[in-house]
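Down below is the structure, laid out as structure tokens.
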Amino acid sequence: MASEEVGYRGPTACAAAGITYRQLDYWARTGLVEPSVRPAHGSGTQRLYSFRDVVVLKIVKRFLDTGVSLQNIRTAVQHLRERGFCDLERITLMSDGATVYECTSPDEVHALLQGGQGVFGIAVGVVWRDVDSALSQLHGERVDTGETLVGHNPMDELARRRNRAV
């Protein structure tokens, strides 16, 4: 089953991203990170987050933990949306606390470090693998049927598909 066919409810997304449900709810209501699989429609409906949504949630959490302002995080998340999520696991997001930069090569990271100011980086591939590992231990659900999937690992499925294609 492809990762696009699996969604994660709020509590699962929170556990994998290391955030509270209150943060998740606030970020969804304010449009910071909205669930791309199924938004909430009134009380009693469950939001459903994609694997990539959970990766973005964890990136937001890491930015907050390092002191980046919510305004700059919103700009970074918007950039990720506009950029698309293709090859997301191959980029490093760098910040000096005021601005967030996307680096796609070691040379770009090096150039940013040469500026002499303090910066920190988030290797999205590492976050990607952390979320993948966490979700492999948690429940997902099939988007089409709502069937609960225990310990589903979307990256394992992708690897299986690639191996079948070879």
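The values are calculated or read from the model by the stated rules, or taken from the named source; none is laboratory data. Bear in mind that the values here come from a model prediction, so they are computed numbers and not experimental data. Neighbour counts are summed over all protein chains in view; Cβ atoms, including those assigned to glycine, are modelled from backbone coordinates with ideal geometry. Just the protein is used for accessible areas: all its heavy atoms, side chains included, with ligands, DNA and RNA removed. Shrake-Rupley method; radii C 1.70, N 1.55, O 1.52, S 1.80 Å.
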*Please compute the net charge surrounding GLY10, taking Lys and Arg as +1 and Asp and Glu as -1 over other residues with Cβ under 14 Å from its Cβ.*
+1
*At a 1.4 Å probe, what is the % contribution of carbon and sulfur to the accessible area of the chain?*
49
_Between ARG29 and ASP144, what's the calculated FRET efficiency when r is the beta-carbon distance and R0 is 22 Å? Round to 0.05._
0.25
*asked:* Under the rule of at least 5 residues apart or a separate chain, name every residue whose amide H is placed under 5 Å from the amide H of SER36.
replied: SER50
*asked:* Could you compute how much accessible surface ARG9 exposes when probed at 1.4 Å, giving the result in Å² to the nearest 10?
replied: 100
*What is the spin-label model distance, in nm, from GLU82 to LEU64 if the labels are put 7 Å beyond Cα along the C-beta direction?*
2.4
*asked:* Tell me the accessible surface of HIS110 in square angstrom (1.4 angstrom probe, heavy atoms of protein chains only), to the nearest ten.
replied: 100
_Per residue value of the accessible surface for the chain (all protein chains in place, 1.4 Å probe), Å²_ = 54
*Computed accessible area, TYR49, all protein chains, 1.4 angstrom probe, square angstrom*: 0
*Rel. contact order, % - alpha carbon contacts under 8 angstrom, at least six apart, the chain*: 26
*Please give the length that would be gained between GLN114 and VAL126 if that part of the chain were fully extended, namely 0.36 nm times their separation in residues minus their C-alpha to C-alpha distance (nm, one decimal).*
2.0 nm
*Cα convex hull volume per residue for the range 1-61 (Å³)*: 76
*Report, in debye and to the nearest 20, how large the dipole of the chain comes out about its Cα centre when Lys and Arg carry +1 and Asp and Glu carry -1 on their Cβ.*
280
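To two decimal places, what compactness ratio does the chain give when its Cα radius of gyration is scaled by 2.2 N^0.38 Å?
Details: Rg = 16.5 Å, N = 166, 2.2 N^0.38 = 15.3 Å.
Rounded to two decimals, the normalised Rg is 1.08.
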